[in-house]
Every structure is written in C-alpha cells, then in structure tokens.
1. Angle, helix 31-53 long axis vs. longest principal axis of the chain, Cα atoms, 0 to 90°, nearest 10?
2. Using the Cα atoms of the chain, I'd like the radius of gyration and the largest Cα-Cα distance, Dmax, both in angstrom.
3. Please give the helix 456-470 orientation as an angle from the longest Cα principal axis of the chain, in degrees from 0 to 90, rounded to the nearest 10.
4. If r is the Cβ-Cβ distance from His245 to Glu498 and R0 is 35 Å, what FRET efficiency results, to the nearest 0.05?
5. Which of rounded, prolate or oblate describes segment 246-510 when judged by the alpha-carbon gyration tensor and an a/c cut-off of 1.5?
6. Checking the cross-link filter: which aspartates and glutamates have an alpha carbon closer than 13 Å to that of Lys401, excluding same-chain neighbours under 8 positions apart?
7. When ranked by the protection proxy of mean other Cβ atoms within 10 Å per residue, highest first, what sequence do the peptides 21-34, 382-395, 64-77 form?
8. Once label points are set 7 Å from the Cα along Cα→Cβ at both Arg381 and Arg84, what is their separation, rounded to one decimal in nm?
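The values are calculated or read from the model by the stated rules, or taken from the named source; none is laboratory data. Just so we're clear, the structure is a prediction, and the values are computed from it rather than from any experiment. Reconstructed Cβ throughout: ideal geometry from the backbone, glycine too, with neighbour counts over all protein chains shown. Protein only, heavy atoms only, side chains kept; ligands, DNA and RNA dropped before computing areas. Shrake-Rupley method; radii C 1.70, N 1.55, O 1.52, S 1.80 Å.
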Amino acid sequence: MTRDDELRLLPVYRGEQIREAEAPLIEAGRGAELMRRAAYGLADCVAKILQRRGRVYGATVTAMVGSGNNGADALYALSFLRRRGAAVRAVLVRGCAHQASLAAFQRAGGRVVESVPEPTEVLIDAVVGTGFSGDYQRPQTPGLEAALSTATVVACDLPSGVDADTGQAGDGVISAEHTVTFGGIKQGLLAGAGSHLSGQLHTADIGLGPHLPKTLVRAVSPHPAADVASAGRGEPLRSPASTDHKYSRGTVGIHAGSDQFPGAAQLSVGAAVATGVGMVTLVAPETVRAHVVAAWPETLGVEPDQQGRQARTGATVLGPGLGNDPQRLNEAQAALEQCLDDGSPCVLDASGLQLIRHQLHQRGGLGHNVLITPHLGEARRIAGDLRDQVLGRMLATDGPKSDPVEAARRLSGSLDCFVLLKGATTVIAAPDAEVLLHRAQTHGRPGVPGLATAGTGDVLCGILGALAATQQGSWLDVAAHAVHRHTQAAAGLDPRAEASFGASALIRALSPSAVAP
Ligand SMILES: NC(=O)C1=CN([C@@H]2O[C@H](COP(=O)(O)OP(=O)(O)OC[C@H]3O[C@@H](n4cnc5c(N)ncnc54)[C@H](O)[C@@H]3O)[C@@H](O)[C@H]2O)[C@@H](O)CC1
Ligand SMILES: Nc1ncnc2c1ncn2[C@@H]1O[C@H](COP(=O)(O)OP(=O)(O)O)[C@@H](O)[C@H]1O
C-alpha cells in the first residue's frame, strides 16, 4: 500500500438487510440455489485451508450443525468436500437438522457423529447464523474442546452466538480463524466482540447483489483485490504538487502538551511531521516547546498568549496532553471558537474533549468541521455530559445493549460533528449517519495489539492534523486514511502481533526517513 493508494470501501449490512434481500429470491423458489452457492463458498474456503495444511483428500472435516439454514449450509458444504475425498462428519447439536441437506450429506457419504473425532483438521461452526437470538451456550460435545486446540475453526456466515448487528457475544462463542460470510459482510463481524471472534473474513457471493439495499455503513479495506464486487473506492490522498509552497501545501496548528504531559506534544508533532505537511506549529508553554523543537526542529513554536498574532493554520489539533490546567484549556477553548467561526478542520482529543460541554451550552453542538476522537471511556463521559443513558448503555463494553456502531452514530448526531470512536475496530461516524468501520488487522487477521499502549492516540492526532491540513475530502475520508496509516505503521513494526513497540516507534514507521527523537 503506497501513501497515494485509495482505500477500498466494502458495504456492511445488518442481518435483517441480508434477510430482506434474500426474501424475494426465496419467494421466487430460489432458496436452494442461494444455499448451494453459500455452501460452495464455504467448501471452497475449507478446501484452500486443507491444501495449505497438507491436502484435501483424506483430511477430516467436522461441522457443528444447528437445526436451521446455517447448519444446512454446512451440511451441503461437507457434501462438496466429500466429493473431493475429505472424511466429513457432522455433530447435530440440536439432535435434528434441515432435512434435505442432511439427506444430501448422508448420500454423499458423510457420517453423523456424537463426538468430534480426533484428528479433525477443520472444524466448521454452523450451530446458528443470522437466526440467533437470546443467549448462546457452547455445545458440550465430547472432543470439542480438544479439537479447538488443534483444528482450524471456520465459522459459517458468522461465529455462532455473535449478534449479526452489534457484534455482541457471550463467553461460549467459539473464536474462528476464518469466517465465510454470505451475500455481504455483516456489521457484527467487525463491531464489538465479533471483530475479535470472526478472524479472517471471506465473502461468498450468493447472487444477492441487485437485491441488497444501499447501506450507510462501509468497511475500510486495504486489500485491492477485495472479494466483493460492490467494493467502492475512497477518495485518494492528494500528493503535493510541484508548484506547492509550504502554505499552499497545508499547515497544522497543534495545541498539545503541558508540564505534566510534555511527551504528548512530542508524539503529535512528530507524527504530523512524519505524515507530511507544509508546516507544523506547536502552541505550548516554553518548557514543552523546548523539548519538542529539540526533537523536531522543523516545528514552529508559539507561546499560547501569542497564538492570536500568528497566521491561521489550515487545520487545528486541540488536546493531546493538555491535562487539566485551566489556563491551557482556556487557550484551547479560544482556538476552538476560532475554528467554529471560520469552519476550518479541527480535531478534539483527550483533554480537548472537555471543551465539548461548554460548546453544547453555547451553541448546542459543534459543527461539521470538527472531529472528536474519544476512546470508549471518554465517549462514556461525553454521554454523561449529554445525560444520554441510552448512549451510555450502547458504549458499555459487554452490556446487553452494547452497540459501538450505533453509539458513534448517535454521538455524531447529538453533537452535530464527526466522531472517531477508537478501539480495535475504530468507528468513524458522520452527522448524516454514514459510518466507516476500520478493523485493525495484521495480514487480514484481526488484531494489532501493540496499539494498546500509551501515546498511540497522540500519534493518531498528529496524522489526522497533517492529513486534514493537506487534503480536501470530508472528515470521513481523511479520518479513514489516518486510521489506516496509523494501523499499517503498527502492523508493519510488529508483523507477529507481539505488541513490542512504544508509541514513538510508530512515528519512525510512518515515515522511514523521519528522524525520531
Ligand atoms: N435464508 C436463506 O435462504 C439463506 C440463508 N442462509 C443461511 O441461513 C442462516 C439463517 O438461517 P435461519 O434463519 O434458519 O437461522 P439459523 O440457522 O441461523 O438459526 C436458526 C436456528 O437456530 C436456533 N437458535 C436460535 N437462537 C438460538 C440460541 N440462542 N441458541 C441456540 N440455538 C438458537 C433456532 O432454534 C433455529 O433452529 C444464515 O446465517 C445463513 O447461514 C444461506 O443459506 C443463504 C441463503
Ligand atoms: N487492541 C487494540 N487493537 C488495535 N488498536 C488499538 C487497540 N487498543 C487501542 N488501539 C488504538 O490505539 C489508539 C489508542 O488511543 P488512546 O487510547 O487515545 O491512547 P493515548 O491517549 O494513550 O494516546 C487508538 O487509535 C486505538 O484505536
């Protein structure tokens, strides 16, 4: 991925939207065809896994099969695999199964078993798909736990027990290494717990395309060969022109750092410099500026009480490491007022999020030039300021109403600004209800755990500021590029996901030529 590359945007659906798209086809008597295509997609993925592990012929594939269509998909998939020589077994978790698929499975030579055989090379989880409701209990099948430590787990449509919309999941859900999802990516595979449990995602085209609704939720994918025909392209990043000078290229002003947290300023400024921008101005007290300018001499330092006399910067970042010093917060408040008046892009992060309360009081909201970047804990505090208990419940990590996608959207609507809700999946929400989901992943697998370290949010702020200063697009595009670049830098530093780096190393990874402090 070069820095000029576009991001692929893949449509993401709620379970109900997929079901509604299927309905006319089922009514037209094409249900079996849908199921056959789904089963073929699942079998194809399993066969490729078996080939990587050794060979398909003679390998044992066992499916945990429920009583609905999800189980039926797996039984048909096993029938395909049987024809390629695999030994296929099915555990009927509910004691019964979709009749036609069970008959096909048995005709093909598959065996119904009471325990998971040893060895099972691939275990297919097909107990329940989009028809899931209520609580999920992991089947107590003999041999299952042993198989989980050796077999590759492939979820059929979605890991059984994951809510297709919110990604909520109970303790019993089996974590998949791969999920083959049918018709379109379900939101629950990228949100909440579902994002960790779904593993590598594969989409099987079952012919729903023309029937799928236009969706406001899309996933940011770095893969040019995204296996979804309906993948769209994000706005590409603009490279500087040969005629640009530092002001036309874009300038960013960063209000960051305090005696308590000088490092946050260093990280944000370093990240902006490494991302590439015409000029970075740091507004901070002398003690902070001295450290930062020593590390990044290209930075212009400005004393906070002189900020009004400086030329306005194109974009402004307010918050990293400001702490609770009332004077610093007042200075940031003045800078925010100016951005709200002139409409220039502004990022509110960390302590800067405390400024929201005042603006709500003054103006009833922020504005579409503002992006707020809370993590879950900060978002809960904002929900408290808004006295919005429904939002508070959506932001609970594992409560029954937990729903990060809707939460970001609701917050964006309430504050009338863009929201970037940070986490392993970052949710970027626009006031018009559009949402982009960015799941942090390494080689297609969920997880860039090294980002869970202090200061990585400050680095993200610097990237956001630099991109906002140099790019023309809406916050949705700019934020998606920034989050992607942040995650790519981390995944590149830590390809084995061992979480063995600190936030300042991310700056080096953003731009190999940047001289890190
Ligand atoms: N509708 C269609 O034509 C298609 C559906 N497809 C598959 O069908 C699935 C949906 O099928 P269904 O609507 O039959 O539903 P599922 O097969 O997902 O689930 C329904 C079954 O799960 C049980 N169940 C529900 N909640 C449960 C819980 N909490 N614990 C344990 N069991 C529970 C129900 O009793 C019912 O037997 C999709 O996920 C997909 O795999 C695909 O075959 C493509 C075509
Ligand atoms: N487990 C994780 N996997 C992927 N990304 C993560 C994970 N934990 C945190 N992050 C990312 O790291 C950054 C942390 O930001 P933040 O919590 O504001 O850190 P700080 O305030 O210490 O700089 C965010 O971009 C977030 O999305």
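1. For 31-53 against the chain, the angle is about 80 degrees.
2. In Å, with Rg to one decimal and Dmax whole: 25.1, 82.
3. With both axes taken from Cα atoms, the answer is about 70 degrees.
4. Calculated transfer efficiency: 0.20.
5. It is oblate, given that a/c is not under 1.5 and a/b is not larger than b/c.
6. Result set, ordered by chain and number: Asp163, Asp165.
7. 64-77, 382-395, 21-34
8. That separation, rounded to one decimal, is 5.2 nm.
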